[in-house]
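A short write-up of the structure that comes next.
Derivation of every value follows stated rules applied to the coordinates shown; laboratory data play no part. No experiment lies behind these values; they were computed from the predicted model shown. Cβ sites come from the backbone with ideal geometry, for glycine too, and all protein chains shown count toward neighbours.
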Ligand code: PGA
């Protein structure tokens, strides 16, 4: 099954309004056909970045969302608000939200359901901490995080999962090609059990965690690695576009 690879930049809490717009424009200018590209700026720059991307194929994304449609939820942003700005995809379960912002699995699951039900593409992130890997718990941790998307997903088109080993995020220590492929193959098998083979064949599974231009080709050539979720290397158009080129 040939899946079009999806390379998404997670800008985290970086950029200024001006640098976000400049980065978006440079990425839009360098975007090539044959790979899906997306960027997830900080909330406050989504509108400006969306305008900078107008007319380009680069998808606009959000790093987070709140599951309720509206109401007294100080500081939070709904799916409808994101859609109002032209957002096409939203992350859930990113390790920084799980481990720094202490989001529970229930909250992550509610966010994932809201993103999918609202018509956006869901990028659901899973991944183990180093002590869990060392204890041989990697696949069990990943399965528990996949269980968060068990309800409410009707088709594979708007579902993306991202395998992001926590120990690889922002550390410069990426998973090896074989480590990534092992977990990606497990995720696809697990999705086969949760839905069916055809569904699993269509779902894109991104790798994230210190993916850079010099390691992207090896990772992206693994049979079950269908793209990347890029943090640090997405903050420069050159390196982000080099990773996109490695996905072709
Ligand atoms: P990194 O971040 O590329 O800086 O390791 C990846 C991510 O958190 O999505």
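Side notes on the structure shown:
- Selection from region 169-202 of residues that are touching a helix residue (DSSP H, G or I) at 6+ places or on another chain (Cβ under 9 Å), over 18 Å from residue 151 (Cα atoms) and surrounded by 22 or more Cβ atoms within 10 Å (Cβ to Cβ): 169, 174, 175, 180, 183
- Selection of first residues in region 163-183 that are in contact (Cβ under 8 Å) with a residue 24 or more places away in the chain and of second residues that are in a helix (DSSP H, G or I) and within 11 Å of the ligand (Cβ to nearest atom), restricted to Cβ pairs under 7 Å at least 6 apart or on distinct chains, gives the following pairs, ordered by first then second residue: 164/95; 166/95; 169/95; 170/232; 173/167; 174/168; 174/215; 175/168.
- Test: residue 144 is within 16 Å of residue 93 (Cβ to Cβ) and touching a residue at least 60 places away in the same chain (Cβ under 8 Å): no
- Residue match in region 220-239 (condition: surrounded by 24 or more Cβ atoms within 10 Å (Cβ to Cβ), more than 14 Å from the chain's Cα centre (by Cα) and more than 9 Å from the ligand (Cβ to nearest atom)): yes
- Tallying residues that are free of Cβ contacts under 8 Å to residues at least 60 places away in the same chain and not in a loop (DSSP other than H, G, I, E, B) within region 88-120 yields 17.
- Exactly one residue out of 100, 123 is crowded, with 18+ Cβ neighbours inside 10 Å, under 21 Å from residue 13 (Cα atoms) and out of contact with any helix residue (DSSP H, G or I) (no Cβ under 7 Å at 6 or more places or on another chain): that is 123.
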